[in-house]
Structure formats: structure tokens, C-alpha cells
Number of protein chains: 2
Amino acid sequence: MAKAAGITAKKSKQFSKWYTQLVLRSELADYAPVKGCMIFREYSYAIWEKIQKYFDERIKETGHKNAYFPLFIPERFLKKEAKHFKGFVPECAWVTIGGESELKERLAVRPTSETVIYTMFKKWIRSWRDLPLKLNQWCNIVRWETKATKLFLRTREFLWQEGHTAHATFEEADKEVMDILNIYRDLMENLLAIPVLVGKKSELEKFAGASYIAALEALMPDGKALQMGTSHNLGQNFSKAFKIQFVGEDEKKHYVWTTSWGITTRLIGAIVMVHGDDKGLVLPPEIAPYQVVIVPIFYKEVERDVILNKAREVSKRLNQNGITTIIDDRTEYTPGWKFNQWELKGVPIRIEIGPRDIERKQVVAARRDTFERAEVKEEQLVSTISEMLTAVQNNLFNRAKKFLDDNITPVKSYSEFKKTLRKKRGFIKASWCSSKECEEKVKEETGATISLIPSEKEKPFSDCFYCGSKAKEIALFAKSY
Amino acid sequence: MAKAAGITAKKSKQFSKWYTQLVLRSELADYAPVKGCMIFREYSYAIWEKIQKYFDERIKETGHKNAYFPLFIPERFLKKEAKHFKGFVPECAWVTIGGESELKERLAVRPTSETVIYTMFKKWIRSWRDLPLKLNQWCNIVRWETKATKLFLRTREFLWQEGHTAHATFEEADKEVMDILNIYRDLMENLLAIPVLVGKKSELEKFAGASYIAALEALMPDGKALQMGTSHNLGQNFSKAFKIQFVGEDEKKHYVWTTSWGITTRLIGAIVMVHGDDKGLVLPPEIAPYQVVIVPIFYKEVERDVILNKAREVSKRLNQNGITTIIDDRTEYTPGWKFNQWELKGVPIRIEIGPRDIERKQVVAARRDTFERAEVKEEQLVSTISEMLTAVQNNLFNRAKKFLDDNITPVKSYSEFKKTLRKKRGFIKASWCSSKECEEKVKEETGATISLIPSEKEKPFSDCFYCGSKAKEIALFAKSY
């Protein structure tokens, strides 16, 4: 429990400072003794467990299975698909000593597991009977970031899931990529209450090993885009590099088609940024470790038992209806201190029970998102609290959706583009000639990149905003985390 | 799916070879490309998930929370509680290069997390209000083994949970250690169907940082003991080394009392060894990824639909009653091939449905443990299969319990001791003078160590079996994994 240390930075004015204060003081996370690393404290880990549970159930329903592959990857493996891994090698942590002796070949601490998983796929896949092979793993990942640490968003170790699948045809792999993308979108929009834009990465932004990358992007309150998840169609690039072949029903050998996809603990950072306010976290009920905090309020010792019993009864009734609660019955803190504390922790609904409420057979319920308070008759307790939770969830999503919609700005010229980037940020929607040259120039000159080529196809509404030649498609540009 | 490769080694004759064949061919695990590491394939990972779910629910009910601490531990941390960690340092994997530069201080890849967790405890714990602090983490662990790799039992990376708690009093810490021990025992006996002996480690066998270590030991079919889990009362040893103090209700400063406890993926190896037979795995129903496999049998194409529909109906009815099933409806394999395959994978019950069964409104059910087959009328399907599953679970436990009981041999003299160790193995129960000297000599001369000082106190039944002086307690000796 934080010792009543509140948030002093304002979200609207010192966004980055506000974010760090909030993460630390709400006790989501802490810095680790090792530079660049972090600790996922119980409060953020409980959120991660909810994300895991949702996603895990969805992928198991569709025939995926979890497995666990080793942490260490020999250097030579990372050289097999050199195009792909040249980006990873400068960011690896290397084990060079094992026990008391120098290793002959240094080992990378898993920056991603394609190489070791594909090595095994080659061994395990023999015929069409072994396909599709759809595996996932939940694990830790290490990338030796040199930029400043940002809790959840940029740390040397983080947690993720990585799915890796092999299929007999391109079409099946393609469907897999899109199925996963849809699960990701459901997770982000329905659980995290964060609206996302969906599309494909441009050639410049995708790594060379992929046929295409589908991605989900969200907009943070400071106007920067955050990549929330990606799903890769890897074509036959990896199966050719790793020689993963199967004998088809036609009795001929074919290379498999592979996909990979991942989401990370950065999603927790997105929740903090998108929904938090100057008083602390605001957690969407679907992802909150506790959906309701119950604060008993009594002034005299004689009231204590009655009120505590009522609190337990209320808690039990809510629990029986699938609503998670915590009773804050600590005697060493005042109700006012507790209100602040649980606002800092972002619990969606606070229930207060005082002597007057006992008399009136009611409780008082306060929403974290709007601070509205309402008296709730005991007989309507479960239905009203359920409705309030739904209302909080929807309000958070709608608020974020409005912000996103208001911050997709169409531009027709480069001067408009630069002005928008300077004054408003957000996503900038522009007609583009699809040439790498224009994209590179824009990146060089402004720092903005193409977040997505949107999946929902729209016709270009001008010539290329940069070079003025004929536009081929619409692209969404932004500055990114 | 293994391509019909069965087990050729005999459990009774080539135990170690049999074990490795079984683990590989049942597709529980595979060797990793990095020496000494392994892959937890989906079939063993599903078992691990069941272990996790059971234990996780039990510890959460009792107020524990999960968190995640960093993988990397600075070398100087491991020197803080030197007595404890001198055992770990020679077994660490060391990261010496991060990104493109040499690190100033090398980092150990987590051999255990006491040091980093206690560093944070020192920061987080201020007053009695912060206690007890009861955290757990599920993670990967690295120890640079130099002895030959044995899948699940001795690998350079494995998975585990490590619980770490801090309390205001010794009594509370003591209760915690015992509460966890009881959960472990329930897990091992009720889920894994492996009977365990419970007790404390001798001074020689416990590491120096602990006040005492409670442990659970099981007996493997080759007569060697396997340590299944440990729960440590660490007293104030670590809180003093890491200066973890709290202000008590008495407004004075006190050192906290800490505990730690863990179980690892070696439990999966124990399941294989204890229950497996010459045809393959035999999985206790409580831990089996699939409890029932349904094999449709048809000779003519016209029978196919009717039988497949029946298989699906049977599966659905079982699922609705909490029994997990898999239908093996592959057309490319014969029923006989499938029977062998699912016996290899140890599925507790096989249901066969053929044309005659449809006629008679029945199915045929076969037990994996005894190979008994029975006709089951459709109307009794759920109750009979449930009973059979319970019977399999109980039989596996009872069989293992009988083996354990039959292999605890009391001895009164050192010559009896050595003879038993040579001819019978198992646990050897002896009256002991409690001196380290005798214990060390026995270890040196025979390789046997004290597995446990049993919790259930019995009086010595002779003088010390080794030195002949007055015995103080009973000890259980064994050769160990």
C-alpha cells in the first residue's frame, strides 16, 4: 500500500512525469536494482493475468496449445535468417560464461524465439498430418535497450506471448493471422477499453522476414501512437531458411507457411496512459483486479460490527454474481485516506456503508470515472452495481474512441501535414503514392512514420501529399512510442 | 504425434533408458539445440498448467499474490548472503555483454530470486501494516548443470514457482511454511497420485541460510528418492543480511521473519517414473490433459456418420460433467494404431465405439492402468466413466503407496544398512545419534544421504546404527536424484 503519496504531476501538462508517478505510486510496478529492468508488482501482474486468461482461452478454443522453448539461443541461429535478425543482434544480452567456464559459442538471452522454434518445427513436421501446428508460449523476453527506461513500455526485460504456427497453405496462414488479429482487437477494445486502428505495416516499417505484418495501433493522450500488437504472415521465408518441409497428400514435398504474433506487458502501460487521470489510475472493470472496493464508515465502536457485517454481506452478494470486491476494513486509516488510496489504484466503483445507510437499507456507490455518487437500495444492489460497471466500461471506451476519432486528421499537402504534426499530433491521414522514397523523406524530415495502411480501404482523396504524383492508397502517419 | 514409435526399453530392466524413451516418444519433451536445455512440448506443458492452476488457486485463497521479478541478478547481490549463495555461484550462467558493450558488473541469470526480492522487500516494508507480505512468482530458472542432462530432472533451465513471504513473528512464518507444505502434499498425493514422506532436512543437507527446511520426498521405482518440493523457514537470516525491518505496533524496529518455498517441473518427471509402464505413460486422471480418448471404429463408409455422431454426443455429455475428452477421428490411422498411440500418451480411459455398440446402446471403456475393458450402457455413461476415473486415480496412488511402504526398511546396524542399500535400495530407516560426523561418514562411504527427519516422531529403536552411541532420533536415508 502506498503511504498516501498522491500524484502531483498533471496529466495534461507533464504527461511523462505523470505517467511514471502514477505507475510507481499506484504500486503497479517498481524499478529493479538492475538498470533498465522492472518489477511487475502484484497489482500489475493481476492485470497481466486477466489479459492472459482471456487470450489463452480464446486461442485454446481455436486449437492452439501452449509450450515452452528455451531461454538461450546460440549465436549461429540468429544468423540463419540474417535479414530478420540483423535488427535483434545489437540488442541482445549475451551469456558468455556458464558455471565456471567460458562458453565456446555465446548464447543470446531470448529476444524472440523464431529460430529455436523453427529448428524444432523442422524436426517435428513430417507430413500433412502434422499440420497445422499451432503453438504459443508465455515467457520473458530480453532486449538490451539503450534509450531511457519507461516502465511497461521500454525495459530490458518484459513479458509477452509469442504464437508460432505452421500451415499447409498460404490461405490457411493468412486466415490464422487475421483470426488472431480479431482476438487481439476484442481483447483491446472489450477488455482494456482501448479503441484500435487495424491495418498493415508499410514495407519500410515491416521487417524483411515477413510477407506482411498486420498491426493494431492505439493513440495515447500525448498524441503519439502506440503499437499494441502485431500478427505476422511470414510466408515461406522462414520455412525456406530453416528447411521446414512436409509431404503433402499429393506425396510431394512442400515448404510450410508460417505465422507469428505477439502482445506484451506494454498493454498495461497503455491502460495507464489512456484512462488514468490526475487522481490516479482508472481501470476498466473488465481488467480491474478488484471491481468494487467497499469502505465501511463508522464513528463509534458500537456501529462497527453492524457495518462490517453489512460490508461482508454486500461483498458476498456481489461475489456470487461474479463481481470481484475488496473490503478495506483497516482501522488504522480514515475513510478519507482510503477514498484517495483507492482512487489512486483506479478501482472502478467504491461502495461506502455508514450508519445512515444501514438505517435506510442502502449503500452509496461512487464511480471512479465520473466521480458520480448514487444511493443504491439493497434490493437493487447487484443489478445496479452490474449496470454501473458496464457503464464505466462503456464510458471509458467511448471517451477514448472520441479522442481517437477527433485526432485522425486528413491532410492534402505536406505543409498541412507538418502543421498538424506540430500543433495537434495524433494520426495524420494522407493520400500517398506508395513509394518508399516519400515515406523515408517524411520520416527523416519530421520523425513521423507510417503507423498503418488501414484495412478498411478508402480511395485516395488527393495526389500524394509529399511528392504530388498520383496517390495509390491512404496511409496513417504518426509519431510513435 | 509420434509416428508409432513405441517404447523398446523395459522399465524393470533399463529404467533410465526407458524413462528417456518414454519422455521423448510420448512427446512430453524434447532436447533443445542448446546443450543441457529442453523443450516443454504441449503435452507436458498442459500438465504443468494443471499443476499451476491447482497450486495458484490454493495460494490465492490464502492471501498470496503473484508478481514478477527480474531475470538478471547483479553479482554483488549474490555475495550479500554469502553462506547461502556460495552453492549457487559456481552454477550460474553469466551475462557479460549487453547490446554491444561489455558490462561493468556481470549479471547472473536467475538461479533463485531471494536477493532481488529481499532488496525490494527492504524498500516496500515500513510498518506492521505492510505485513504479512506474501508473494509468489512463476518463472524460469537457470542452473548451469555439468552432470548429464535428464529431461525434467536435470536441465540447465527449468520452470518453477518460488514463494517468498515476510512476517512479523516467527510463529507466523512457521505456520506459513507448514501451510504451504500441506498444499504441496495435497497436490502431490491427490493430483499426481504420488505418496510423499514429509519431514525436515538435516543440518548437513540444508543450506546455511535457513532455520529449517521442510521437505517432501517420494520414492522412484529404481529405489532412489526424489525431492518433490521444499518449504523453508529462513528465520531472520535474510532480513538481517538485507536489513529488512518494520516498525511494530510497539513503535519499535524489528527484523521480519521470512519463508520461501518452491516446486518445479521435475514433478512431471516424477509422474512419468512412478506411474509409467512398458507401453508408455500412465497419467493420473486429475493431471491428464485428456482424461478420456474416444476412438470411433467403423469398417464401412456407411457406418461412419452414425458412429462419429455418437462419438461427439458421448464427448459432449462427458464434457458437460467436467470430464475432458479427445475424439481421435483421423481416417489415416487404424484403430489398433490409435490404441497404441493413446496408451503411449497415458490417457486414463479409452472409449471405443463400433457398429455393435451403436446397436446395443453402449460403448466399450478400457482402463489404461489395468487394461480392463467393460461395456458401459449409454444411460450409465457419465456415472460409470466418473467412477472409473476415480478408480484409476486411487489405484495409481495405492500402487505407489504400497511400493513406498514396502521400501522403507528399518535397520539397526551399519552392515544391515549397507546390505539394504546394495540389494533393495529405497528409504532406510535408522536410529541416529544426530551427529554430523556419522552422517558425513555414511555419505562418504555409501553415497546415501539423509532424505528426511520424519515429521511424525517415533522413538529410536536402537543405538546409533553407525557409531553405536545413544540415538536421539529417527532418520530416513536414501540415494537421491
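The values are calculated or read from the model by the stated rules, or taken from the named source; none is laboratory data. Please read all numbers here as calculations on a predicted model, not as lab measurements. No Cβ is skipped: glycine too gets one built from the backbone with ideal geometry, and neighbour counts run over all protein chains shown.
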Subset of the stretch A:317-344 (residues that are within 14 Å of chain B (Cβ to nearest Cβ) and either under 26 Å from the mean Cα position of the chain (by Cα) or under 24 Å from A:Q380 (Cα atoms) (or both)): A:N319, A:T324, A:I326, A:I327, A:D328, A:D329, A:Q341
Subset of the stretch B:216-256 that is of a type in the set (V, I, T) and surrounded by 21 or more Cβ atoms within 10 Å (Cβ to Cβ) - its residue that is farthest from B:D405 (Cα to Cα): B:I244
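Collect the residues in the stretch B:60-72 that are under 22 Å from the mean Cα position of the chain (by Cα), closer than 23 Å to B:P111 by Cα and not small (G, A, S), keeping them in residue-number order. First the steps, then the outcome.
Within the stretch B:60-72, the subset under 22 Å from the mean Cα position of the chain (by Cα) is B:60-62, B:64-68.
Now restrict to residues that are closer than 23 Å to B:P111 by Cα: B:64-68.
Correct list: B:H64, B:K65, B:N66, B:Y68.
I need the full set of residues from the stretch A:315-350 which are under 23 Å from A:A46 (Cα atoms), among the β-branched types (V, I, T) and either touching a residue at least 60 places away in the same chain (Cβ under 8 Å) or out of contact with any Phe, Trp or Tyr (no Cβ under 6 Å at 6 or more places or on another chain) (or both), in order please.
A:I323, A:T325, A:I327, A:V347, A:I349 - these are the residues of the stretch A:315-350 that are under 23 Å from A:A46 (Cα atoms), among the β-branched types (V, I, T) and either touching a residue at least 60 places away in the same chain (Cβ under 8 Å) or out of contact with any Phe, Trp or Tyr (no Cβ under 6 Å at 6 or more places or on another chain) (or both).
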Considering residues of the stretch A:196-209 that are assigned to a loop (DSSP other than H, G, I, E, B), of a type outside the set (D, E) and touching a residue at least 40 places away in the same chain (Cβ under 8 Å) only, the residue surrounded by the fewest Cβ atoms within 10 Å (Cβ to Cβ): A:L204
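Quick one: which residue in A:T149, A:T155, A:T165 is surrounded by 18 or more Cβ atoms within 10 Å (Cβ to Cβ) and away from every other protein chain (no Cβ under 11 Å)?
A:T165
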Listing of strands (runs of 3 or more DSSP E) fully contained in the stretch B:246-308 that carry 3 or more residues being in contact (Cβ under 8 Å) with a residue 40 or more places away in the chain: B:257-264, B:292-296
Conditions (1) hydroxyl-bearing (S, T, Y); (2) more than 12 Å from every other protein chain (Cβ to nearest Cβ); (3) closer than 25 Å to B:V109 by Cα; number of the one not met by A:Y31: (2)
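How about the stretch B:24-42: which of its residues are of a type in the set (K, R) and touching a residue at least 60 places away in the same chain (Cβ under 8 Å)?
Of everything in the stretch B:24-42, those that are of a type in the set (K, R) and touching a residue at least 60 places away in the same chain (Cβ under 8 Å) turn out to be B:R25, B:K35.
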Flag for B:E456 being of a type in the set (D, E) and more than 24 Å from the chain's Cα centre (by Cα): no
Residue check for B:L133: within 21 Å of B:W261 (Cβ to Cβ), more than 7 Å from chain A (Cβ to nearest Cβ) and either surrounded by fewer than 22 Cβ atoms within 10 Å (Cβ to Cβ) or β-branched (V, I, T) (or both): yes
Any hit, the stretch B:98-113, residues being out of contact with any Ser or Thr (no Cβ under 7 Å at 6 or more places or on another chain) and in a helix (DSSP H, G or I): no
Residue in the stretch A:244-258 that is touching a strand residue (DSSP E or B) at 6+ places or on another chain (Cβ under 7 Å), closer than 26 Å to A:R143 by Cα and at pLDDT 95 or above present: yes
Count of the stretch A:128-169 residues which are among the aliphatic types (A, V, I, L, M), more than 20 Å from B:E42 (Cα to Cα) and not in a strand (DSSP E or B): 4
Any hit, the stretch B:11-21, residues being among the β-branched types (V, I, T) and in contact with a helix residue (DSSP H, G or I) (Cβ under 9 Å, 6 or more places away or on another chain): no
Filtered residue count, the stretch A:30-73, keeping only those that are at positive phi and surrounded by fewer than 19 Cβ atoms within 10 Å (Cβ to Cβ): 1
Output for the stretch A:351-383, where each listed residue is out of contact with any Lys or Arg (no Cβ under 8 Å at 6 or more places or on another chain), free of Cβ contacts under 8 Å to residues at least 40 places away in the same chain and among the β-branched types (V, I, T): A:T370, A:V376
Filtered residues of the stretch A:114-127 (kept if among the polar types (S, T, N, Q), surrounded by fewer than 23 Cβ atoms within 10 Å (Cβ to Cβ) and either more than 9 Å from chain B (Cβ to nearest Cβ) or part of a helix (DSSP H, G or I) (or both)): A:T119
Sole residue being touching a helix residue (DSSP H, G or I) at 6+ places or on another chain (Cβ under 8 Å), surrounded by 14 or more Cβ atoms within 10 Å (Cβ to Cβ) and β-branched (V, I, T), chosen from B:T370, B:T325, B:T384: B:T325
Residue in the stretch B:48-68 that is nearest to the other protein chains (Cβ to nearest Cβ), counting only those that are in contact (Cβ under 8 Å) with a residue 40 or more places away in the chain and within 20 Å of A:F69 (Cα to Cα): B:Y68
Selection from the stretch B:74-102 of residues that are crowded, with 20+ Cβ neighbours inside 10 Å and more than 9 Å from chain A (Cβ to nearest Cβ): B:L78, B:E81, B:H84, B:F85
Residue match in the stretch B:397-418 (condition: under 23 Å from the mean Cα position of the chain (by Cα), surrounded by fewer than 12 Cβ atoms within 10 Å (Cβ to Cβ), under 24 Å from B:A218 (Cβ atoms) and not acidic (D, E)): yes
Odd one out for A:V295, checked against (1) farther than 30 Å from A:L24 by Cβ; (2) over 27 Å from the mean Cα position of the chain (by Cα): (1)
Test: B:Y45 is touching a residue at least 40 places away in the same chain (Cβ under 8 Å), under 26 Å from B:D278 (Cα atoms), assigned to a helix (DSSP H, G or I) and hydroxyl-bearing (S, T, Y): no
